[in-house]
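Below is one structure; the comments refer to it alone.
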Amino acid sequence: MLEAPQSFVVRQECEKAAWQHGFRRVLGEQEGWLAFGSTTALGTIYIAAASPQGPWFLALDHPGVIAEMGLPATNILGAGRSRYAFDNLGELYTVLHRVYQLGVSLPDAPLREFEARTAALPNSTEAERLVVQRIGQDIFRARLMDYWQGRCPLTGISDPALLRASHIIPWSECESDAERLDVHNGLLLSALWDAAFDRALVTFDEEGRPEFSDSISERARAELRWESPLSLTVEHHRRLVSHRTRARARGKIKDE
């Protein structure tokens, strides 16, 4: 059973947890669930507890975040579309960190950010369009950093200077700003992997494993080391179809 209404201690812990993870708008309490919003992350979160000692509960209403989190839901009734239970605040904090990362990176949060930042900017000359494009590319990179948790998923490299925001469908070929800024149209790759991917010398199969063109040298292929396959969504795979076609057109593809 939830503590309802929340005691002073539980409410303070709920507000602290939400505040520290980017959800700083208190939206009110209903039946023991305290709701929070964010000016940067999409969706509303709800936090509750059985007592100040736990367990703690989190409810989410953003379908994309729920799908990407992939957490086992609890059968407790209440707010949101899906609810989760945690034995302690540490477990709750870990999940809230990822919820915020996804909330600011999943469609259409990057597009909203881009539109807000460029609404008052002129866009008539080539120089002005380049300024707007640069803002979009900066937002895309920042949101990919959130989505992939600041590291290349193939190599584990987390040095920002060595990471690149790689478009699956190139920026110039996208039909809309929404497509250009969609994190499912991008991979966060280390510089060497980005160069190979951008030139279609490497692509990824349905399991997220690299496939190399035979036009890439054995020495270069040996330097393209990786630790684990990419964890890709249906939306990633949909966009990778055209990339695989382009890569295979360059030469015979070799599985790793």
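Taking only Cα atoms, what is the 0 to 90° angle, nearest 10, from helix 109-118's long axis to the longest principal axis of the chain? The angle comes out at about 80 degrees. Entry note, the chain: relative contact order of 12 percent, from Cα contacts under 8 Å with a spacing of 6+ residues. Charge tally around THR155: other residues with Cβ under 10 Å, Lys/Arg +1 each, Asp/Glu -1 each, net +1. With the highest mean first, a sort of the peptides 210-220, 94-104 on other beta-carbon atoms found within 10 angstrom per residue produces 94-104, 210-220. Each listed q (0.21 Å⁻¹) maps to a log10 I(q)/I(0) for segment 8-105 from the Debye sum over equal C-alpha point scatterers, namely -1.03.
Please sort 134-140, 62-68 by packing, taking for each peptide the average over its residues of neighbouring beta carbons within 10 angstrom, highest first. Let's see the in-between values first.
Numbers: 134-140: 16.9, 62-68: 18.4.
Output ranking for 134-140, 62-68: 62-68, 134-140.
So what's the gap between the Cα centers of segment 26-105 and segment 141-194, to the nearest angstrom? Computed from Cα coordinates, the inter-centre distance equals 27 Å. Restricting the calculation to Cα atoms, segment 112-182 yields a radius of gyration followed by a Dmax of 13.5, 41 Å. Annotation: average projected area of the chain is 15.7 square nanometres, based on the convex hull of Cα atoms across all directions. Note: segment 109-255, Cα convex hull, 119 Å³ per residue.
May I ask for the Kirkwood hydrodynamic radius of segment 57-96, worked out over all distinct Cα pairs and given in angstroms to one decimal? Write down the numbers at each step before the final one.
Working: mean 1/r = 0.0963 Å⁻¹.
Taking every pair of different Cα atoms in segment 57-96, averaging 1/r and inverting gives 10.4 Å.
Values quoted throughout were computed directly from the atomic coordinates according to the rules given, and no laboratory measurement underlies them. Just so it is clear, the structure is predicted and the values come from calculations on it, not from any experiment. All Cβ positions, even for glycine, are placed from backbone atoms using ideal geometry, and neighbour counts span all protein chains on display.
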